[in-house]
Amino acid sequence: MKIGVLGAGTIGSTVARKLSAAGHDVKVANSRGPETIDPQILVSGARAVVADEAVEDVEVLVSSIPLNRMVGVAPLLRRISDDAVLIDTSNYYPARDGRIAAIDDGQVESVWVSEMLGRPVAKTWNAIGSGSLAAKGTENGSPARIAIAVAADRDRDREVAMGLVNDTGFDPFYSGSITDSWRHQPGSPAYSTNLSYEEIEVALALADRDRIPNRRDLQVAVVTERTDNFTRPVPNMGDWLVQLNRAIYIGVYPFMK
Ligand SMILES: NC(=O)c1ccc[n+]([C@@H]2O[C@H](COP(=O)([O-])OP(=O)(O)OC[C@H]3O[C@@H](n4cnc5c(N)ncnc54)[C@H](OP(=O)(O)O)[C@@H]3O)[C@@H](O)[C@H]2O)c1
């Protein structure tokens, strides 16, 4: 497929690299220009382009930028055709994004994105850490494959997003409509806890909407304290975060037993 990726940070770069390795025609852009994009992202054939070009003539656009930049890129994202699939990977972290009153008041994060853009979105890759996305993908059908939640309202958005998640090495699990995608927002049991297909179904059902924001902020507080405000990396940070997330968001893991 012809795919644009807007955002070449930890998630956008990994998605671009994996989708180009899977045979898709991928172009990737950041805010500063193609010459600033790490050549390692391009080894599988993705092309670095300016942001304007990333949204031109694409069947899929993956938006992988911080939530607080969304309003700024909205005019660009509105240029893609209604038929194209717009995948939103974003999450709301008030400590990073600043306060967004509507979301603080309970609006679902991707509903906020969709309404702001005035078009449907699919939400996926938001609930897996970049280290896991880069390193833990496996072949379709392999045992204990990690599952990734996919929310979408339109059939084609759902089918395309699920196919692309599979192409990145993970089992796509349809989590329902965008209105229900709060079930895989930061703080929920399915958020960055690296669960199997069977486990993620349980985790999504267990989500308690009222407790999610508090658990998100608790996790940020622990990470901030443990890493001396993000200045001291923890060894095997990605795996450590998964363990921490399971403790805070799930409680006792494995919860299937
Ligand atoms: N990190 C994770 O493990 C993870 C996992 C799942 C989902 N997410 C979510 O995915 C989103 C992106 O996260 P990230 O960690 O990849 O962020 P990041 O590392 O900070 O990268 C953000 C990217 O967005 C680009 N960008 C910002 N404003 C832009 C604009 N106006 N036009 C074009 N590009 C723009 C930046 O380009 P410049 O550097 O040139 O400004 C950068 O390449 C966030 O909402 C995050 O919560 C993150």
note = Fewest to most Cβ atoms within 10 Å: ILE100, ILE178 sort as ILE100, ILE178
ask   = Angle between the Cα long axis of helix 197-206 and the longest principal axis of the chain, 0 to 90 degrees, nearest 10?
value = 70 degrees
Segment 2-178: relative contact order in percent, alpha carbon pairs under 8 Å with at least 6 residues between = 19 percent
inquiry  = Taking the number of other C-beta atoms within 10 Å as the exposure measure, put VAL49, VAL220, VAL58 in order starting with the fewest.
reply    = VAL220, VAL49, VAL58
query = For segment 1-154, taking Cα atoms only, what is the radius of gyration to one decimal and the Dmax to the nearest whole Å?
reply = 15.2, 43
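Out of the DSSP beta bridges found with both residues in segment 2-178, what percent are antiparallel (nearest 5)?
Numbers: 1 of 23 bridges.
Roughly 5 percent of the beta bridges in segment 2-178 run antiparallel, per DSSP.
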query = Convex hull over the Cα atoms of the chain, averaged projected area in nm²?
reply = 12.9 nm²
remark   = Of all C-alpha pairs within segment 198-257, those more than 15 angstrom apart amount in percent to 56 percent
request  = Let me know the charge dipole size of segment 155-203 about its Cα centre in debye, to the nearest 20, where only the beta-carbon of Lys, Arg (+1) and Asp, Glu (-1) is charged.
outcome  = 180 debye
request  = Set the Förster radius R0 to 45 Å, insert the Cβ-Cβ distance between GLU159 and PHE230 as r into 1/(1 + (r/R0)^6), and round the FRET efficiency to 0.05.
outcome  = 0.75
Integer Hz, Karplus 6.51/-1.76/1.60 couplings in order for segment 81-93, x for Gly and Pro = 5, 4, 6, 5, 8, 9, 9, 9, 9, 7, 9, 9, 10
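Quick one, what does Rg over Rh come out to for segment 66-208 if you take C-alpha atoms and the Kirkwood Rh? Before the final figure, lay out each step's value.
Numbers: Rg = 14.7 Å, Rh = 15.4 Å.
Radius of gyration relative to Kirkwood radius: 0.95.
At 222 nm, what value in deg cm²/dmol follows for the chain if DSSP H runs of at least 4 each add -39500 (n - 2.57) and the sum is divided by all its residues, to the nearest 500? Show your work: numbers first, answer last.
On the way: 11 runs with 94 residues, N = 257.
My calculation for the chain gives -10000 deg cm²/dmol from helical runs alone.
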key: ³J(HN,Hα), Karplus 6.51/-1.76/1.60, whole Hz, each residue of segment 138-151, x for Gly, Pro   = 9, 5, 4, x, 6, x, 6, 5, 6, 9, 10, 6, 10, 10
request  = Step through the residues of segment 234-251 one at a time and calculate ³J(HN,Hα) from phi using the Karplus curve (6.51 cos²θ - 1.76 cosθ + 1.60, θ = phi - 60°), rounding each to whole Hz and writing x for Gly and Pro.
outcome  = 8, x, 6, 3, x, 5, 4, 5, 4, 4, 5, 4, 4, 5, 7, 8, 9, x
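Among GLU159, GLU109, GLU198, which comes first, second and so on when ranked by fewest other beta-carbon atoms within 10 Å?
GLU198, GLU159, GLU109
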ask   = In terms of modelled amide H atoms, which long-range or inter-chain residues lie less than 5 Å from the amide H of VAL85?
value = VAL60, LEU61
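Quick note: the coordinates plus some simple rules give every number you see, no bench work behind them. These numbers come from a predicted model, not from an experiment. Backbone-built Cβ (ideal geometry, glycine too); neighbour counts: all protein chains shown.
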